Amino acid sequence: MPELPDLAIVADALHAALAGRPVTAARAPGPLAVRGTPAELEALVGQRLVAIRRRGKLLIADLDVDRVVINPMLTGRLQLASPGAPLPSKTAVVLAFGPRARRPRDAAKWTARAAWIPADDAAAEVRYRDPTQMGKVYLVPAGVARVVPGL
């Protein structure tokens, strides 16, 4: 399990890089880690990412309507990448994002001018991979009562 300070850094970094961007594609190359249906995954497309935050040992991505909750367990990792970059093995979920109007005002100060943050007019992907497939990605559509342990 990534340590809590590590998860806080990941949440801050992904929030600075992705908040305000629309989801342009969603796929699950390793569906064993996904808790939700293909239709629920597809429903993420077109929604804007409002925020990414940490709650306990979970990362929560709040979209316009739905939510994605990631429990990385012991070996889960998130990768911020350019579209078309080689996909690491054991990748469970890929969310592609389009351009945004501007960087979020509530982004952590330490992320300002970070070279690894995609330009606002560029596309980006976030990939969840887990070599042991212990971690889980929960799709939580609005109005669906899905149990997410720890939430």
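The values are calculated or read from the model by the stated rules, or taken from the named source; none is laboratory data. Everything quoted here is computed from the prediction, not taken from an experiment. For neighbour counting, all protein chains shown are included, and Cβ atoms are generated from backbone atoms with ideal geometry for every residue, glycine included. These accessible areas exclude ligands, DNA and RNA; they are computed on the full protein's heavy atoms, side chains included. Shrake-Rupley method; radii C 1.70, N 1.55, O 1.52, S 1.80 Å.
Odds and ends about this structure:
- A probe of 1.4 angstrom, applied to the heavy atoms of all protein chains, finds residue 147 with accessible area near 120 square angstrom.
- Computed log₁₀ I(q)/I(0) - Debye formula, equal Cα scatterers, no solvent, the range 1-85, q 0.14, 0.19, 0.24 Å⁻¹: -0.49, -0.94, -1.44
- Note on residue 120/residue 142: beta-carbon distance plugged into 1/(1 + (r/R0)^6) with R0 of 35 Å gives a FRET efficiency of 0.80.
- Per-residue Karplus couplings for the range 52-62, computed as 6.51 cos²θ - 1.76 cosθ + 1.60 with θ equal to phi - 60°, are listed in order as 10, 9, 9, 9, x, 9, 10, 10, 10, 10, 8 Hz, Gly and Pro entered as x.
- Compactness of the range 47-145 as Cα Rg over 2.2 N^0.38 Å, two decimals: 1.12
- Taking the DSSP bridge list for the range 14-151 and keeping only pairs wholly inside it, about 95 percent are antiparallel.
- Gaussian network model of the chain, springs between alpha carbon atoms under 10 Å - residue of 112, 26, 13 with greatest fluctuation: 112
- In this simple spin-label model, placing a label point 7 Å from the Cα along the Cα-to-Cβ direction at both residue 108 and residue 65 gives a separation of 3.1 nm.
- Residue among 86, 31, 99 with the largest mean-square fluctuation in a Gaussian network model of the chain, springs linking Cα atoms under 10 Å: 86
- Gyration tensor verdict on the range 79-130 (Cα atoms; rounded if a/c is under 1.5, prolate if a/b is larger than b/c, oblate otherwise): prolate
- Rel. contact order, % - alpha carbon contacts under 8 angstrom, at least six apart, the chain: 34 percent
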